[in-house]
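All remarks here apply to the structure that follows.
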Ligand code: ASP
């Protein structure tokens, strides 16, 4: 058994957290490859080291004083080193960083030092080999992640390394320039290492015991999700559920490597298992509920629309020309509705309307704003009759008017559109019927 273990920033924010992490890693021989984030928040209004680095570098490029800020970052690391009683100095590393900041070497380089330095401490603490991600996580000349090359180089390197720490979040372009993934990108590094080392499991350690069925800001103490498929996860994360970086499943989804989301502060909790497919029956009909507010709808009406070839394409072209992405597109015989993000649409509204008039000469166009979309996701809905019935009766009982319905043919996902002010009420009604009363 071989595992990659990735630890998020809050799991590595202090010496105390490092000790918990050390205990977790030492508890299982199989935890051979470790991917650390930079130190995160120690308390709720603390600052993440990554944010400190961005700010410090921001001062450096404006030729403002940045040394004090860099010293404050160094103090964060020294607090960890001292708390762990390690015989380690990062003075030489900080000298190089100071010099490079002075040369305005790059924002990505600056941010990446958070993981780089934490990786050095982690390797020393565990007695594992340190592998600089710049040598094994590779980007092309244009700055795009090069998955094939990385896999070739990294898998070769790991063949001969029994135990290693590989910092998350960054890699390098062919000329050595440091490049980072988007924020939260250490999750991606974890997946990339999991694939290259062909591990049996990718454990992603964070500060919650897995995914929750619904947003805890809306539902008090929601149940957690025991097992979720990659597809379900995509649907839920797209709709706003955040625990894992959205792209983290791509490197391993074809490799059959499951991801286990675990809690560093409660290691015996099972967490959530993310898998390609599972024959485990979900406990409830639905796996999760997620949603987003702030949508607008544009309803276009024209008699005989359905027989006009190219009608939809012409309408969609107007949105494309204005750089607006489309979320959903329910349609009727003589109507089509396009749902978009209100913030993206508002500023271009009149241009879009004029464009639609010119393109398809509709009978009327109606706009509606302040809408929310809620996705009810679950493999358990497949071939199970009555799920939609339950969704709509729950919403009706909660006095929520449904503005739009969209069910994909995969039967994995039902999306309903409601008014923003009904959003929370709708989620509570759905949670209640599928989880609390469990029917
Ligand atoms: N430290 C980086 C961030 O704060 C990357 C990560 O934690 O995954 O976004």
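Rule-based calculations on the coordinates, nothing more; no lab input. Predicted model, so just to flag it, every value in this text is computed and none were measured. So basically every Cβ, Gly included, is an ideal-geometry build from the backbone, and we count neighbours across all protein chains shown.
Helix 107-126 and the longest principal axis of the C-alpha atoms of the chain enclose an angle of approximately 60°.
Here the chain carries DSSP beta bridges of which approximately 65% are antiparallel, counting only pairs with both residues inside. Which of the three applies to segment 289-336, rounded, prolate or oblate, going by the alpha-carbon gyration tensor with a ≥ b ≥ c and a/c under 1.5 meaning rounded? It is oblate, given that a/c is not under 1.5 and a/b is not larger than b/c. On a 0 to 90 degree scale, rounded to 10, what angle separates helix 147-159 from the longest Cα axis of the chain? Roughly 40 degrees between the two axes. Report summary: the helix-based calculation at 222 nm, which adds -39500 (n - 2.57) for every DSSP H run with n ≥ 4 and divides by the residues of the chain, gives -11000 deg cm²/dmol.
Helix 91-102 and the long axis of the chain differ in direction by around 50°, with both axes built from C-alpha atoms. Just 59, 110, 248 to compare: in a GNM of the chain, with alpha carbon springs under 10 Å, which one fluctuates most? For the chain, modelled as a Gaussian network with Cα springs under 10 Å, the answer is 59. Length gained on full extension, residue 16 to residue 87: 23.9 nm, using 0.36 nm per residue less the C-alpha separation.
For residue 28 and residue 226, the FRET efficiency from 1/(1 + (r/R0)^6), where r spans their Cβ atoms and R0 equals 22 Å, is about 0.60.
Relative to the current alpha-carbon distance between residue 326 and residue 61, full extension at 0.36 nm per residue lengthens the span by 91.6 nm. Descending by average beta-carbon neighbour count within 10 Å, the peptides 39-46, 371-378, 181-188, 282-289 line up as 371-378, 282-289, 181-188, 39-46, the highest first.
Each DSSP beta bridge with both residues in segment 152-281 is either parallel or antiparallel, and the antiparallel ones are about 45%.
Here 312, 279 are placed in order of increasing Cβ neighbour count within 10 Å, fewest first, which gives 279, 312. Label positions at residue 357 and residue 424, each projected 7 Å from the Cα along the C-beta direction, are separated by 4.0 nm.
Fewest neighbouring Cβ atoms within 10 Å first, the residues 436, 272 line up as 436, 272.
Cα gyration tensor of segment 103-210, axes a ≥ b ≥ c as square roots of the eigenvalues: rounded (a/c below 1.5), prolate (a/b > b/c) or oblate? In terms of gyration-tensor shape, rounded. The packing ranking, built from the mean of other Cβ atoms within 10 Å per residue, places the peptides 133-143, 23-33, 114-124 in the order 114-124, 133-143, 23-33, highest first. Stretching residue 280 away from residue 308 to a fully extended chain increases their span by 5.4 nm, per 0.36 nm per residue minus the current alpha-carbon distance.
When only C-alpha pairs under 8 Å and at least 6 residues apart count, what is the relative contact order of the chain, in percent? The value is 13 percent. Label separation (residue 405 vs residue 265): 4.1 nm, computed from points 7 Å beyond Cα along the C-beta direction.
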